[in-house]
Every structure is written in structure tokens, then in C-alpha cells.
């Protein structure tokens, strides 16, 4: 249908004709004539077409043409253009202040048609009689700007559409257990932000467990529905979401983040309804949910999915044995093996290593009657004595794993070594895992005192307590563990640390192993197995069995006018805004701070 716009100078509101629908916006009445093919690139005042020539001169009132069926008592078909033509007369006033009546410039008596709710603007059930209409050519009011079309693509919208967007925001936004903000109202300018002096931040928990009563996160697989690739903005790479703006009957869409207007893929096209939204939006989860899981195609993956890997690096010093930390950790791992609780089923790989002043590897090949221990004493240049038999399938080699874990406490019962080579042991574990990545579970009880990145166990730091220099105790004394964390991250390894100690360990220096790889640090001061053993067992098993996203990267995008100033959380910032999290688990949280972008 050809779009026809008619402007009539009224005493109060401007009137735009569009089909047979009436849209009431705060005293202004918009009616629609035919199918909407409005050019959203228009702005400012629209010059109306000249009124059609009528008998008796341009200022003479014309006899209205025949009305549609609804105007004469018949059934009105909504969405169909009324019959008439260029001489179409104005519909009656709906809502607002009644216009003045008169033969030359106003409406007559308003009709009493009822309204029907079709999920959009109010729709008249029927027009009034012909006497309700009159020509308004005689008014001397200047033309009014078109309130529906201004400001280019995505410019000023009608109040009805703004209200609809507010309703969409409340309905389609991500639930608070995934995303939260530190404030409920955002400043609209840099000056307002500087006056409030309140930090503005966002909190994310991407894999948070879904609370009871809340719907599960929907999954979107574009390949399964015939779409060749994930629909994303070509400029900022934002994903399709409920808040994009559609145009040209669905053939183009505008990114709600950067404003880029892109073409809709042919296989993803759907026409728009009378509210300028896709008619199939409720059939596509990504258009009605703030949080969805997209199934990534092959081009999104650096390599095929690897099996879940769990390497347990257990300290076997005198302190670890005497406190019961070694026996507690071994018993917890044994329960996981015998219960086949590792995620991945038959694909899950498990390895066991111990360390004190040297590194101990274990051959867990299923063909052996019992595990074999191999000791590496070269801490400066460790090597793998058994490259292929350190990581083994947890189910296939369950017997060998259970035997080793049962015997570990007895094997080191007579140990009197209190020296720890943590950095060298982590380096050796990296060598065993670098081809597949995975999760490195570190149980430590004493300060690393030998080998690379050895730390000093002195009482000098205690003098800083309760002084202005106390903050220095929270700074690493060596950089070796941060560098080692970078190597772990590059091969998709996360370090989880369980620190069971009764003495000073310099946690600030060794914590980068977990901080920069996406892991956690669990600290058990004054550990005793009879007091904290159950806590250690439960938390170690939880870390191994919780939901995990392997080899994850994350990027946070914000809309125009805002910028990210800082990232907070256990992750590695590889580039300006690319966050690397080798194992992103259900307890993982991240935060950012935002500022208005003055540019």
C-alpha cells in the first residue's frame, strides 16, 4: 500500500493519517493510512502535500466521500486502509481536550465508538457517523512537526512507543542473579556524575545457579533453525538482543550499543507488527530474554572441546602430614574417584602429584598392579619422567587412583621435611597439562622456601602490624608467581588453592597463581583435621563438581556515552578489554566500574 501523509492544521493537535488505527499521545492523535513505509531518515518539520482540489475553491468545505463500513454501521477491518482516497476526511477526536465545533474549523459531536486492546495503541472499534467529520482546510494554524518521525533512525518516538520500551526493559532485562548495578538511577551527564561522587558499577555472575521458581536460561542454536551464523553487530560485535531497533519492515536493525545499522540476514528475516517489533519475537528466545546461551559454531572455537582435567598437587611436608591436611585431601579425592563424580564421565582425566623439597610423579597406568612413584630433584629445570601416564582416565584407572590415595598418608608418615618447592611443582604440573589445559588443585601448608621464587620466612613483617606500613604486607615480595600464572593462563589452566597452615605463608606473594587464572584461594588458618577437616573435604569436592565453563573468554560492552574504567575479579586481562578465564565456574563473579564518556 502506498503511504499517504496528510497534515491538517487543527486548533490543538497535529493529525497524521495511517490506516484505520488511532494512536493517542498526550493530546495528539495519530491515525494510520495504509501500510507504514515511513522513511526514518526524516527529521524536522514535514512539509505536507497540498490538499486536493475541491469544487468551490481551495478554502471551501468539501462534501466528505463515502465512509468505510464501520462508519456506517458495518464491520470495520482493522489494519486495512479505509476506502476513500485523497479526499479522506478526519476521524473523530479521541481523548484529550475536545476540539471546538463549527462548520469551518472543528470537529462536530464525538462518536461513541468503543475501543479494543490489540496489545498496541488503542484501536477504535468503529467510527462515528458522517456528521462527526468535517474539513479543516480553513484553519490558519501553521503546520506542526511530525511527532512520529524525527531525529533520523531511532530518533524521537511516540509516547506510546517509549512506554512500550520501558515495559520491554522490565520484562526482558537480565535477572538480578546474573547482573546487578550499584545504583538504580544513572546520571545523564558528566557534571551530574561529578556532583554525586557515587561509584557506578556492575556486578556479573555469568554461570550463577538459577534460583528456585525462576525459569532456566534458554539456549539458542542458530544453525538448528537455518541461520548460518550468530547474529551480531558488525561494528562493536554485540549480540542480537531484545533491545535492538528494527527498521524497513525488519530488513535492517540498529545496535542498541553503538548505533550501527546493519542488514538482517536473509535467513533471519521476519516482518514487523504494528508496534514496529518482530512478529516472531516470542518464538526466538534471544529477542525476549536478557540472558541466553548461544551455541557457538566451529569458527568461534580455537580448538575442539578438550576433556575435563583435574591435576591434584598435594604438599607432603611434615606440617601437611602432622596437621592431617594430606590425609583429608586424599580421602576427599578418593570419594570423588570411587563415586565417579568428576564431570565429563569417561572423558575426565585425573593426575596426582606430591611435593616437599622435591617433586613426586605417579605412574597410574591401568596395566600396573599398583602405582609407581618417580622423584625429580632438579628444581631449576624439572622434567616429565612419564609424559603419557601422569594424567589418566578417572573411570578406567579408578583402581590405581584409589590405591594411591589410600596409601599417600602412610607413604609420608615418617617425613621430616619442612621445605616446599611450590613454584617448581606448579611448573612441572604445567608441563603435564599444557596440551589439554584444565584445573590445577593446589594444597599447600608451608611457605615456599626452596627452588624458584622461594620466599623468606621471617618475623620482620610482623613489625609492620598496626602501623602505616601494614599495607606492604599485602604486596607480593616476588613477581615469579604472577609470571607463572601468565603461563598457566596461556594454556587454559586454572589454579585453585587450599592453604592449610598454622604459620606465616606470605599469601600475598603466592596468591597470583589463583588470582590471574580465574581460581579461588581458600585459607584455613591453624588447620586441624578434627576441626576443619570436614570443611576442607566439602569445599574441595564442591570445586571439582560444580558447573564450569572451560576455556572461557569474556568481554563487557557498554552503550554509547559510557566507558569502563576498571575490571575486578580473578581473571587475566589479555588486551584492553578481553578477559581470560580458563575455568569460569558457577561461583565466579566479576565487577566493572563505569564513568560517563565525555568524548
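Quick note: the coordinates plus some simple rules give every number you see, no bench work behind them. Only a predicted model underlies this, so the values are computations on that prediction, with no experimental measurement involved. Neighbour counts run over all protein chains shown; Cβ positions are idealised from the backbone, glycine included.
With R₀ set to 51 Å, the beta-carbon distance separating residue 300 from residue 466 gives a calculated FRET efficiency near 0.45.
Note on residue 490 and residue 528: the extension gain reaches 10.1 nm, defined as 0.36 nm multiplied by sequence separation minus the Cα-Cα distance.
Computed on the stretch 326-467, with alpha-carbon pairs under 8 angstrom and 6+ residues apart, the relative contact order is 26 percent. Between the beta carbons of residue 406 and residue 347, assuming R0 = 30 Å, the FRET efficiency works out to 0.75 to the nearest 0.05. Modelled this way, with points 7 Å down the Cα-to-C-beta line, the labels at residue 224 and residue 538 are 3.7 nm from one another.
Could you give the length gained by full extension between residue 375 and residue 174, i.e. 0.36 nm per residue of separation minus their alpha carbon distance, to one decimal place?
67.2 nm
Working from the Cα coordinates of the stretch 219-290, the gyration tensor eigenvalues give, after taking √(5λ), semi-axes of 16, 15, 12 Å in decreasing order. For the stretch 322-363 versus the stretch 217-263, the spacing of their alpha-carbon centroids is 46 Å.
Determine the relative contact order of the stretch 309-545: mean sequence separation of Cα pairs under 8 Å and six or more apart, normalised by residue count, in whole percent. It would help to have the intermediate numbers written out before the result.
Details: 474 pairs, mean separation 58.6, N = 237.
It comes to 25 percent, rounded to a whole number.
Can you give the Rg/Rh ratio of the stretch 444-599, where Rg is from the C-alpha atoms and Rh is the Kirkwood radius? Using only Cα positions, Rg/Rh for the stretch 444-599 is 1.02. Computing FRET efficiency as 1/(1 + (r/R0)^6) for residue 252 and residue 577, where r is the C-beta to C-beta distance and R0 is 25 Å, gives about 0.35.
The stretch 281-318 and the stretch 483-500 have Cα centres separated by 18 Å.
Kindly put 373, 554, 505 in sequence by how many other C-beta atoms sit within 10 Å of each C-beta, fewest to most. If you can, show how the numbers build up before the last one.
Working: 373 13, 554 19, 505 23.
Arranged by neighbour count, lowest to highest, 373, 554, 505 become 373, 554, 505.
Counting neighbouring Cβ atoms within 10 Å and putting the fewest first, the residues 280, 520 line up as 280, 520.
Counting only C-alpha contacts under 8 Å and six or more residues apart, can you give the relative contact order of the stretch 219-290 as a whole percent? Let's see the in-between values first.
Values: 104 pairs, mean separation 20.9, N = 72.
Over the stretch 219-290, the number comes to 29 percent.
Neighbour counting of Cβ atoms within 10 Å sorts the residues 323, 457, fewest neighbours leading, into 457, 323.
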